[in-house]
1. Check LEU292 against each of (1) free of Cβ contacts under 8 Å to residues at least 12 places away in the same chain; (2) surrounded by 15 or more Cβ atoms within 10 Å (Cβ to Cβ); (3) of a type in the set (A, V, I, L, M, F, W, C) and name the one condition it does not meet.
2. Report yes if GLY64 is at pLDDT below 90, within 24 Å of LEU15 (Cα to Cα) and open to solvent by 50 Å² or more (accessible area, probe 1.4 Å), otherwise no.
3. Taking the range 248-267 only, how many residues are part of a helix (DSSP H, G or I), closer than 9 Å to THR2 by Cβ and not hydrophobic (A, V, I, L, M, F, W, C)?
4. Tell me whether the range 165-186 contains one or more residues that are under 23 Å from GLY261 (Cα atoms), among the small types (Gly, Ala, Ser) and in contact with a helix residue (DSSP H, G or I) (Cβ under 9 Å, 6 or more places away or on another chain).
5. List the pairs whose first member sits in the range 256-273 and is open to solvent by less than 20 Å² (accessible area, probe 1.4 Å), whose second member is of a type in the set (A, V, I, L, M, F, W, C), and whose Cβ atoms are under 6 Å apart, counting only residues at least 6 apart or on separate chains?
6. Tell me, yes or no, whether the range 121-142 has at least one residue that is open to solvent by less than 30 Å² (accessible area, probe 1.4 Å), under 30 Å from ILE286 (Cα atoms) and of a type in the set (S, T, N, Q).
7. When both residues are 6+ apart or on different chains and their Cβ atoms are under 9 Å apart, which pairs have a first residue that lies in the range 303-326 and is under 19 Å from ARG77 (Cα atoms) and open to solvent by 60 Å² or more (accessible area, probe 1.4 Å), and a second that is assigned to a helix (DSSP H, G or I) and at pLDDT 95 or above?
Amino acid sequence: RTLDGLRAIAVLLVLWFHLPMAILPGVLNKARSLFDPGYFGVDFFFVLSGFLITRILLVNREKGVPLRVFWVRRFVRIFPIYYLLLAVLAALGTGALIWPAALYVSNHVYTGYPLTHTWSLAVEEQFYLFWPLLVGLAPRAIAGRLVAFVAIPAALLTAIGLALVYPPAEAGEIMVRVTATRMLSLALGGLCAVHESWLRVRPRRLWSLAAALLFVAVPALLSKGHLPPAAWPVARLVGATFASTAVFMMVLALPETSLPGRLMSAGALPRIGLISYGIYLYHMPIFHVFGLSPGDSPTAINAVLAVLTTFAVSELSFRIVEKPLNGLKDGWSRQLARPA
């Protein structure tokens, strides 16, 4: 449940980032300029996905569950409300390009509002497609080596290559959106899953590793203006990813009986985390409807109504569509797990 709390914090950071600055108090705008909530919100999602998906794949392999079960369960969880939303937006004619989002390539092809946020969902879907082939077919020890010595170095080398080929601003934008570089966050989460039993035996290990990551992350994030321009996008990628992974490790180390653990695992946060996929998916179209898109003249009332509507629609979506399908996919999984 603490991880649900972290998922809730991640989606709330994204909502904060997408609210127009004109209607926010000055202190929040100043904090937003110093701390990029949208970047870190999405990065928390990536680290969480890497951890949870790798854990599922390793457990399935130990139980002899075929990969097709994993893919079907993922698709049933993701596709229904995603394509329902795309169909509604296509019928309404919002002006956004639907096909890049429909093909999960919106991290490479610009869709326009209100589907610009689907780039991160494209990264996730591409991850779901190829990651099982890397770690789902290998024993845990080999999977750990593949993550540590193939996936993580490949992400870093890709980032360095982009920094050498493209101008700094363009390289930074590409690094934010492409799966090859965001694999750094996903793979670090996966590495935590591979070594979860070792890490959980002594929570101090998690705290020590988190401190080590922050020791690298903080100077990297503060290095803008002190590095050659081409090096900054790589430093930002590494710094933000290490910081997000450190926060994830600290949350993983929290006992649920501690005060921070209770705050993360009780009250509204776990529920927000449970419906966070819907919140993330629906919030941009709903913000668009309430006049919160760039170029609009928003009001605080519009913003409040947009956020409340986002939560209400996400809750209804979970109860009416997602939860029933989650129940059905267990039965389908049992059928698919039988030998052919």
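1. Status for LEU292: all satisfied but (1).
2. It is false that GLY64 is at pLDDT below 90, within 24 Å of LEU15 (Cα to Cα) and open to solvent by 50 Å² or more (accessible area, probe 1.4 Å).
3. Result for the range 248-267: 3.
4. no
5. GLY261/LEU254; GLY273/ALA8
6. No - not one qualifying residue is present in the range 121-142.
7. LEU316/GLY278
Let's see how each residue does on (1) in contact (Cβ under 8 Å) with a residue 12 or more places away in the chain; (2) open to solvent by 50 Å² or more (accessible area, probe 1.4 Å); (3) assigned to a helix (DSSP H, G or I):
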| site | (1), (2), (3) |
| --- | --- |
| ALA8 | yes, no, yes |
| GLY41 | yes, no, yes |
| PHE79 | no, yes, yes |
| LEU97 | yes, yes, no |
| HIS108 | yes, yes, no |
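The values are calculated or read from the model by the stated rules, or taken from the named source; none is laboratory data. Computed from a predicted model, the values in this text were never measured in an experiment. Ideal geometry is used to build each Cβ from the backbone, glycine not excepted, and the neighbour counts take in all protein chains shown. Quick note on the areas: whole protein, heavy atoms, side chains included, nothing else; ligands and nucleic acids left out. Shrake-Rupley method; radii C 1.70, N 1.55, O 1.52, S 1.80 Å.
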